[in-house]
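Peer 1: Quick one: the structure is below, and I'll ask about it shortly.
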Amino acid sequence: PWSASRAAGIVAEHKHLEGATLPILHALQEEFGYVDEAAVPIIADALNLSRAEVHGCITFYHDFRKAPAGRQQVKLCRAEACQAMGSERLHGEILQRLGIDWHGTTADGEVTVEPVYCLGLCSNGPAAMIGEEPLVRLSADSLDAALKESRA
Ligand code: FES
């Protein structure tokens with residue numbers, strides 16, 4: 001869980017670095033799994049930046065989460081071979097069913113969806129991963145089923 005004092009410690013450890021914002025954000029995400037909104041003023045004060053500048057950095061790099069990730073992390077392949085298998089339309093359907101956008105987490109905190117660019121499963125696309133488990137010839141229904149199974 002988020003701890004302001006732990007966050008302040010991380011900021012203090014890194015603030016002397018050149019271009020410290022990114023290393024700090026990475027370290028915070030590593031510690032907490034996401035970058036809490038409450039870290040923004042701590043970073044801004046330590047580095048003499050505006051809060052808007054720190055926000056801009058968090059938003060610009062999609063690596064940073066603004067909220068804890070869902071219990072299940074789904075990666076959907078958006079690269080070419082999977083696109084040729086209709087991934088774009090499929091992803092639209094999946095995201096709509098989950099009620100989220102890319103990088104989003106479902107309201108129940110269960111599922112987070114991230115894009116990836118080729119999982120090396122091109123001949124069996126559309127491809128995806130749930131956690132470390134690869135899924136091939138994906139459909140919205142097969143993803144549903146796989147999510148239910150790993151939830152059980
Ligand atoms: Fe999707 Fe390679 S393009 S797995």
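Peer 1: Label-point separation (nm) for GLU13 and ASP108, each offset 7 Å from Cα along Cα-to-Cβ?
Peer 2: So the two model labels end up 3.6 nm from each other.
Peer 1: When the Karplus curve 6.51 cos²θ - 1.76 cosθ + 1.60 is applied with θ = phi - 60°, which whole-Hz ³J(HN,Hα) does each residue of the range 138-143 get, with x for Gly and Pro?
Peer 2: So the J values, rounded to whole Hz, are 5, 10, 4, 5, 5, 5.
Peer 1: Taking loop as defined by DSSP and a crowding limit of 13 other beta carbons within 10 Å, which trypsin sites (Lys or Arg not before Pro) in the range 89-152 fit? Spell out each step's value before the answer.
Peer 2: Numbers: sites: ARG89, ARG97, ARG137, LYS148, ARG151; in loops: ARG137.
In loop regions of the range 89-152 (DSSP not H, G, I, E or B), the sparsely surrounded trypsin sites (Lys or Arg not before Pro) are ARG137.
Peer 1: Where Rh denotes the Kirkwood radius from the mean inverse Cα pair distance, what is Rg over Rh for the range 70-124? If you can, show how the numbers build up before the last one.
Peer 2: Working: Rg = 11.4 Å, Rh = 11.5 Å.
On the Cα set of the range 70-124, Rg over Rh gives 0.99.
Peer 1: Over the chain, what is the percentage of antiparallel beta bridges among all DSSP beta bridges, to the nearest 5?
Peer 2: Values: 7 of 13 bridges.
If we restrict to bridges inside the chain, about 55 percent are antiparallel.
Peer 1: Still on this structure, I have one more. For the chain, with a Gaussian network of springs between Cα atoms less than 10 Å apart, report the residue from LEU119, LEU49, LEU135 with the top mean-square fluctuation.
Peer 2: LEU49
Peer 1: Out of every Cα-Cα pair in the range 4-60, what percent are more than 19 Å apart?
Peer 2: Values: 183 of 1596 pairs.
Every Cα pair in the range 4-60 considered, those over 19 Å come to 11 percent.
Peer 1: For the range 1-54, what does the accessible surface come to per residue with a 1.4 Å probe? Please give it in Å². Numbers along the way, then the final one.
Peer 2: Working: 3000 Å² over 54 residues.
Per residue, the range 1-54 has an accessible area of 56 Å².
Peer 1: By the 4.7 Å beta carbon criterion, which cysteine residues of the chain come out unpaired?
Peer 2: If one checks each Cβ against the other cysteines of the chain, CYS57, CYS118, CYS122 turn up with nothing under 4.7 Å.
Peer 1: Magnitude of the Cβ-charge dipole of the range 14-79, K/R +1 and D/E -1, about the Cα centre, nearest 20 debye? Mind dumping the intermediate values first?
Peer 2: Values: 7 positive and 8 negative charges, 76 e Å.
Using Cβ point charges on Lys, Arg, Asp and Glu, the range 14-79 gives about 360 debye.
Peer 1: Same structure, new question: Where does the longest stretch of the chain lie that holds no chymotrypsin sites (Phe, Trp or Tyr not before Pro) found in a DSSP loop with 15 or fewer other Cβ atoms within 10 Å?
Peer 2: Numbers: sites that count: TYR61, TRP102, TYR117.
Segment 1-60 is the longest.
Peer 1: Sticking to Cα atoms, compute the Rg of the chain to one decimal and its Dmax as the biggest Cα-Cα distance, whole number, in Å.
Peer 2: 17.9, 50
Peer 1: Still on this structure: Charges at C-beta only: +1 for Lys and Arg, -1 for Asp and Glu. How large is the resulting dipole of the chain about its Cα centre, in Debye rounded to 20?
Peer 2: 160 debye
Peer 1: What is the sum of charges around ARG151, taking Lys and Arg as +1, Asp and Glu as -1, for the other residues whose C-beta is under 14 Å from the C-beta of ARG151? Display every interim value, and only then the final one.
Peer 2: On the way: positive: ARG71, LYS148; negative: ASP108, GLU110, GLU133, ASP144, GLU149.
With Lys, Arg at +1 and Asp, Glu at -1, the neighbours total -3.
Peer 1: Leaving out ligands, DNA and RNA, what percent of the accessible area of the range 23-133 is carbon and sulfur, probe 1.4 Å?
Peer 2: Details: 2940 of 6020 Å².
Answer for the range 23-133: carbon and sulfur cover 49 percent of the accessible area.
Peer 1: Could you work out the local net charge near SER3, counting Lys and Arg as +1, Asp and Glu as -1, over the other residues with Cβ closer than 13 Å to its Cβ?
Peer 2: Values: positive: ARG6; negative: GLU31, ASP36.
For residues surrounding SER3, the net value is -1.
Peer 1: When the chain is treated as a GNM, springs tying every alpha-carbon pair under 10 Å, which of GLN96, GLN29, GLN83 comes out with the largest mean-square fluctuation?
Peer 2: Judging by the Gaussian network model, the answer is GLN96.
The values are calculated or read from the model by the stated rules, or taken from the named source; none is laboratory data. Fair warning: this is a prediction, and the values are worked out from it, not measured in the lab. Here the Cβ is made from the backbone with ideal geometry for all residues, glycine too, and neighbour counts use every protein chain on show. Accessible surface areas use protein heavy atoms only, side chains included; no ligands, DNA or RNA. Shrake-Rupley method; radii C 1.70, N 1.55, O 1.52, S 1.80 Å.
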